[in-house]
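Asker: Encoded as structure tokens, here's the structure I'll be asking about.
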Amino acid sequence: MTATPTPATTAELDALVIGAGFSGLYMLHRLRDLLGLDVRVYEAGDGVGGTWYWNRYPGARCDSESYVYCFSFDRELLQEWQWSGKYPEQPEILGYLNHVADRFDLRRNIHFRTRVTAARFDEASGCWDVETDAGERVRARFLITAIGCLSAAQVPSIPGLDRFEGSWYHTGQWPHEGVDFTGKRVGVIGTGSSGVQSIPVIARQAQHLTVFQRTPQFTIPARHGTVDRAFLDDVKSRYDAIWDQSKHSRAGFPYEVSERSALEVDDEEREAIYEDSWQRGGFRFLYGSFKDVGLDRRANDTASEFIRRKIREIVKDPETAEKLVPTDHPLGSKRTLIDTDYFETYNRANVTLVDIRHAPIVEITAKGIRTEGAEYELDVIVFATGFDAMTGSFLKMDIRGREGLALREAWAEGPKTYLGLATAGFPNLFMITGPGSPSVLSNMPVSIEQHVEWIADAVAYVRERGVERIEADAVAQAAWVQHVNEIANLTMFPLANSWYLGANIPGKPRVFMPYAGGVDAYRERCDEVVANGYEGFVLGASAPVERAAAGS
Ligand code: NA7
């Protein structure tokens, strides 16, 4: 908060929602149309869509299959929308979310081109005072963040970017008019999902593409294509069962999960199962092949080794193939990627792979990128370098809870939440898919719907009882944080440097942020909390803030 006078409060709302992606749109609908509350949404973009508004890079596409990458709450909506791609592409998802906004008349409560800069909890009124970069100031009983998990784009601070005479872009802030790479020498830094999706598409257009790779990745073919009409008709005839299965599954997908161990079959059978999963494509490779690929290192080694063999088979130049083979982390410990023609792209004559793990980038020059090994002349640099994941968008705002406690202070050692829904010291603040919930380890719309419905129910519960505040209890929060860590330590996740752990951001505390115990177990726990009268939440007055020990 600044010492400068703040503008007068202009409105009093029941709820203020930040963000108009999947989460914000449904939260608005639920609170406004089902509970009859006075709600406003602030959205930084000039349209709805969130992630799918910003990430317009070539090849941007979702890794969840389209028929389950959507809302399930309205049966008519499910029946009327027709997906065209097996995996929905960014324009199609954006079209879907615009359709949702129109269909439920949501835009009239959304203030676009408005970024929330600060929010302070007012002890006397039990409300949040929220400020925006447009100079608006509004008071609301409940503050709900619908800011996504991957929305604070990260351009690494490489010396010399300001001297570069070409143009540069970050995949997460892509120009709406697109970028024409024809005849251009293009450099892509980063080989996460965004890099792996955009590299094959850029390679087909550019004169030459140079990929700057720090960590080789495991990626599985998506087997993308148009979606079969008969398949969609069948899905629509049994949607209730599909959602039921997804909501009670480990990762929010209606996939059969294998009951076999990779270690209980012989080599030949194991190879055949992996080959079948590889040919079918997508995340099924992880869930449908064997039950222990994500849990047991020896089982995981068999899957990792299968993919390494595939890379060496696909990539013709042995030296390039070796550079692409991941050796420093097990499959699934970083976000598993799915791709279309990623490894095949390195067989093109106009594509060069540069290993910046062994010869790091030193600087960006006027003409291109200089590594410890060579200088590469470029017309365009694409930063596919990811996000300050899960906490970045929270901490960009100046959020202050009781007794002026700053969220930046409360989360200085890493995010501390109760169920990823709330945080001690910040009454009446709810987070949709916050750190400590399954979020990025799941099919997002399934997790988003569960959170939105849980939050709306909690709001209704306290309102019906005339309770003015609800806040996570610090002891319950500490137990949840510990549980999230214990579960992560049973998996492969801690074995890689990943954005799940904040490892991609220099100086960020190394804490595993999402909940790896599964969408099914998580939903059960959230339901239990409600059944036990909002166990772990304090309703009404709260104890003094424990600064040093807040949630630790
Ligand atoms: P990711 O998955 O964080 O990938 C970022 C990539 O950029 C990754 O290969 C990083 O290498 C690389 N990177 C990041 N910083 C640097 C620097 N300073 N120098 C060189 N290379 C760097 O982001 P995406 O946008 O691809 O995907 C985000 C999520 O969106 C994805 O996981 C899905 O959930 C959807 P590293 O691996 O850190 O060595």
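The values are calculated or read from the model by the stated rules, or taken from the named source; none is laboratory data. Bear in mind the structure is a predicted one, so any value in this text is a computation, not a measurement. Every residue, glycine as well, gets a Cβ built from its backbone with ideal geometry; the counts of neighbours run over all protein chains shown. Surface areas here come from the heavy atoms of the whole protein model, side chains and all, with no ligands, DNA or RNA. Shrake-Rupley method; radii C 1.70, N 1.55, O 1.52, S 1.80 Å.
Asker: Would you pick out the residues in segment 74-117 that are of a type in the set (V, I, T) and touching a residue at least 60 places away in the same chain (Cβ under 8 Å)?
Answerer: V100, I110, T114, V116, T117
Asker: Still on this structure, I have one more. Check G172, G178 and return the single one that is within 11 Å of the ligand (Cβ to nearest atom) and either over 14 Å from V380 (Cα atoms) or open to solvent by 10 Å² or more (accessible area, probe 1.4 Å) (or both).
Answerer: G172
Asker: Ok, one more. Quick check: anything in segment 4-16 assigned to a loop (DSSP other than H, G, I, E, B) and of a type in the set (D, E)?
Answerer: No: zero hits.
Asker: Would you please name the residue that is farthest from the chain's Cα centre (by Cα), looking only at residues in segment 210-245 that are within 16 Å of the ligand (Cβ to nearest atom) and among the polar types (S, T, N, Q)?
Answerer: Looking at residues that are within 16 Å of the ligand (Cβ to nearest atom) and among the polar types (S, T, N, Q), I get T210.
Asker: Does segment 262-280 contain any residue that is touching a residue at least 40 places away in the same chain (Cβ under 8 Å), open to solvent by 50 Å² or more (accessible area, probe 1.4 Å) and away from the ligand (no atom under 16 Å from the Cβ)?
Answerer: Looking for residues that are touching a residue at least 40 places away in the same chain (Cβ under 8 Å), open to solvent by 50 Å² or more (accessible area, probe 1.4 Å) and away from the ligand (no atom under 16 Å from the Cβ), one finds at least one in segment 262-280, hence yes.
Asker: I've got another one for you. Just to be sure I understand, how many residues within segment 338-390 are among the hydroxyl-bearing types (S, T, Y), surrounded by fewer than 20 Cβ atoms within 10 Å (Cβ to Cβ) and within 11 Å of the ligand (Cβ to nearest atom)?
Answerer: Qualifying residue count for the region: 1.
Asker: In addition: Six or more apart or on different chains, Cβ atoms under 7 Å: show the pairs whose first residue is in segment 207-224 and closer than 15 Å to I381 by Cβ and aromatic (F, W, Y) and whose second is within 7 Å of the ligand (Cβ to nearest atom) and in a loop (DSSP other than H, G, I, E, B).
Answerer: Note: pairs meeting the criteria are F212/I356.
Asker: Against the condition open to solvent by less than 20 Å² (accessible area, probe 1.4 Å) and either touching a residue at least 40 places away in the same chain (Cβ under 8 Å) or under 24 Å from the mean Cα position of the chain (by Cα) (or both), how does Y500 come out, does it pass? Even if it seems obvious, please write down each step before you answer.
Answerer: Numbers: open to solvent by less than 20 Å² (accessible area, probe 1.4 Å): yes; either touching a residue at least 40 places away in the same chain (Cβ under 8 Å) or under 24 Å from the mean Cα position of the chain (by Cα) (or both): yes.
Yes.
Asker: How many of the residues making up segment 82-127 are more than 23 Å from V17 (Cβ to Cβ) and in a loop (DSSP other than H, G, I, E, B)?
Answerer: Total satisfying the criteria: 7.
Asker: I need the full set of residues from segment 18-63 which are open to solvent by 30 Å² or more (accessible area, probe 1.4 Å) and either in a strand (DSSP E or B) or aromatic (F, W, Y) (or both), in order please.
Answerer: Passing the criteria: R40, W54, R61.
To keep it simple, each residue is scored yes or no on (1) of a type in the set (A, V, I, L, M, F, W, C); (2) modelled with pLDDT of 95 or more; (3) more than 23 Å from the chain's Cα centre (by Cα).
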| residue | (1), (2), (3) |
| --- | --- |
| R309 | no, yes, yes |
| E313 | no, yes, yes |
| E319 | no, yes, yes |
| L324 | yes, yes, yes |
| T327 | no, yes, yes |
| P330 | no, yes, no |
| L337 | yes, yes, no |
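Asker: Which residues, counting only those in segment 195-206, are under 22 Å from the mean Cα position of the chain (by Cα) and either closer than 20 Å to E65 by Cβ or free of Cβ contacts under 8 Å to residues at least 60 places away in the same chain (or both)?
Answerer: V196, Q197
Asker: Here's a check for you: in segment 135-169, which residue that is charged (D, E, K, R) and either within 29 Å of G507 (Cβ to Cβ) or not assigned by TED's automatic domain parsing to the domain that holds K396 (or both) is surrounded by the fewest Cβ atoms within 10 Å (Cβ to Cβ)?
Answerer: Looking at residues that are charged (D, E, K, R) and either within 29 Å of G507 (Cβ to Cβ) or not assigned by TED's automatic domain parsing to the domain that holds K396 (or both), I get D162.
Asker: In segment 64-79, which residues are part of a helix (DSSP H, G or I) and either out of contact with any strand residue (DSSP E or B) (no Cβ under 7 Å at 6 or more places or on another chain) or open to solvent by 10 Å² or more (accessible area, probe 1.4 Å) (or both)? It would help to see each step written out before you state the result.
Answerer: Residues of segment 64-79 that are part of a helix (DSSP H, G or I), as a first pass: 66-68, 75-79.
Correct list: Y67, V68, R75, E76, L77, L78, Q79.
Asker: Ok, one more. Look through segment 232-256, keep the residues that are assigned to a helix (DSSP H, G or I) and touching a residue at least 40 places away in the same chain (Cβ under 8 Å), and return whichever of them is most open to solvent (accessible area, probe 1.4 Å).
Answerer: So in segment 232-256, the residues assigned to a helix (DSSP H, G or I) come out as 232-237, 239-247.
Now narrow it down to the ones that are touching a residue at least 40 places away in the same chain (Cβ under 8 Å): 232, 235-236, 239, 242-243, 246-247.
On the way: L232: 3, V235: 0, K236: 28, Y239: 13, I242: 6, W243: 12, S246: 0, K247: 46 Å².
Restricting to residues being assigned to a helix (DSSP H, G or I) and touching a residue at least 40 places away in the same chain (Cβ under 8 Å), the top hit is K247.
Asker: In segment 301-320, how many residues are part of a loop (DSSP other than H, G, I, E, B) and among the acidic types (D, E)?
Answerer: 1
Asker: Taking segment 391-406, which residues are surrounded by fewer than 22 Cβ atoms within 10 Å (Cβ to Cβ), away from the ligand (no atom under 15 Å from the Cβ) and small (G, A, S)?
Answerer: G404, A406
Asker: I'm checking my understanding of the structure. Among residues of segment 321-337 that are part of a helix (DSSP H, G or I) and open to solvent by 20 Å² or more (accessible area, probe 1.4 Å), which one is farthest from Q207 (Cα to Cα)?
Answerer: Of everything passing the filter in segment 321-337, E322 is farthest from Q207 (Cα to Cα).
Asker: Collect the residues in segment 118-162 that are in contact (Cβ under 8 Å) with a residue 60 or more places away in the chain and within 13 Å of the ligand (Cβ to nearest atom), keeping them in residue-number order.
Answerer: Matches in segment 118-162: G148, C149, L150, S151, A152, A153, Q154, V155, P156, I158, P159, L161.
Results for (1) of a type in the set (S, T, N, Q); (2) more than 18 Å from the chain's Cα centre (by Cα); (3) not assigned by TED's automatic domain parsing to the domain that holds I199, shown as yes or no for each residue.
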position: E43; (1), (2), (3): no, no, yes
position: Y57; (1), (2), (3): no, no, yes
position: C62; (1), (2), (3): no, no, yes
position: N98; (1), (2), (3): yes, yes, yes
position: A119; (1), (2), (3): no, yes, yes
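Asker: Working only within segment 184-198, note down all residues that are of a type outside the set (A, V, I, L, M), farther than 17 Å from F343 by Cα and in contact with a helix residue (DSSP H, G or I) (Cβ under 9 Å, 6 or more places away or on another chain).
Answerer: K184
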